[in-house]
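Following: one structure in structure tokens, then a few remarks.
Every number in this text was worked out from the coordinates using simple rules, so none of it is lab data. Note that this is a predicted model, so its numbers are computed, not measured. Cβ atoms come from the backbone with ideal geometry, glycine included; neighbour counts cover every protein chain shown.
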Amino acid sequence: MKLHTIKPAKGATHKEKRLGRGEASGKGGTSTKGNKGGQSRAGYQRKMAHEGGQMPIQRRLPKRGFKNISRVSYKVFNLGQIDHLVEKYGIKEFSPENLYINGLINQTDLVKILGNGEIKSKMTYKVNAVSEKAKTAIEEAGGTIEILK
């Protein structure tokens with residue numbers, strides 16, 4: 001076998017359909033596009049969501065709900081998760097910077113601590129929000145909380 005003799009397997013390639021190359025080709029004249037109309041012309045594009053005159057689905061279905069542009073979305077951590085994260089990643093201070101470095105949140109995420117579970121580690125918490133239950137549990141364990149703006 002030599003490089004200049006290599007060919008694709010038999011039946012793996014197909015000849016290109018040559019449209020509009022004279023009547024003798026069998027694909028001349030209208031070039032298999034039918035007669036007249038937008039679809040036979042160059043540059044034709046079907047309208048998005050057009051269903052041939054039937055009422056489109058986005059008009060048949062009712063509108064529901066809305067997006068609140070004032071919503072503040074937090075990345076939530078429960079007290080039970082925090083001890084596990086401290087052991088796994090060796091976090092000395094629970095802050096967005098440390099969480100981002102360890103790949104737990106994105107750079108722009110806001111962090112909130114919720115009170116589900118128990119906490120044993122005494123450390124400093126720099127977060128954007130904290131629930132009342134979590135705040136009392138952290139202070140009882142000897143930790144300090146700093147709310148970031």
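According to the square roots a ≥ b ≥ c of the eigenvalues of the Cα gyration tensor, what is the shape class of segment 1-69, taking rounded for a/c under 1.5, prolate for a/b larger than b/c otherwise, and oblate for the remainder?
Oblate, since a/c reaches 1.5 and b/c is not below a/b.
How much of the DSSP bridge set in the chain is antiparallel, in percent, rounded to the nearest 5?
0 percent
Sort S31, S121 so the one with the fewest other Cβ atoms within 10 Å of its own Cβ comes first.
By the 10 Å Cβ count, ascending, the order reads S31, S121.
In whole Hz and in residue order, list the ³J(HN,Hα) couplings for segment 103-108 that follow from phi through the Karplus curve 6.51 cos²θ - 1.76 cosθ + 1.60, θ = phi - 60°; x for Gly and Pro.
x, 8, 9, 7, 5, 9
Tell me the relative contact order for the chain as a rounded percent, counting alpha carbon contacts under 8 Å between residues six or more apart.
Averaging sequence separation for qualifying contacts and normalising by length gives 15 percent for the chain.
Note down the magnitude of the dipole of segment 1-49 about its Cα centre, charges +1 on Lys and Arg C-beta and -1 on Asp and Glu C-beta and zero elsewhere, to the nearest 20 debye.
100 debye
Give the order of V111, V76, V86 when sorted by the count of other beta carbons within 10 angstrom, beginning with the fewest.
V76, V86, V111
Cα atoms only, segment 63-149: Rg and Dmax in Å?
14.0, 51
Considering only DSSP states other than H, G, I, E and B, which chymotrypsin sites (Phe, Trp or Tyr not before Pro) in segment 64-123 qualify as loop sites with at most 15 other Cβ atoms within 10 Å?
Those that pass, being in a loop and sparsely packed, are F66.
When the convex hull of the Cα atoms of segment 27-112 is projected onto a plane and the area is averaged over all directions, what value comes out in nm²?
Its Cα hull, projected and averaged over all orientations, spans 13.3 nm².
Would the chain count as rounded, prolate or oblate if I go by the C-alpha gyration tensor, calling it rounded below 1.5 in a/c and otherwise prolate when a/b exceeds b/c, oblate otherwise?
Oblate, since a/c reaches 1.5 and b/c is not below a/b.
Mean residue ellipticity at 222 nm from the helices of the chain, using -39,500 (n - 2.57) per DSSP H segment of n ≥ 4 over the full residue count, to the nearest 500 deg cm²/dmol?
-5000 deg cm²/dmol
Mind sorting I113, I69, I147 by how few other Cβ atoms lie within 10 Å of their own Cβ, fewest first?
Lowest to highest Cβ neighbour count: I69, I147, I113.
In segment 46-149, which GluC sites (Glu not before Pro) are in a loop and have at most 12 other Cβ atoms within 10 Å, using DSSP for the loop call?
Those satisfying the criteria are E51, E118.
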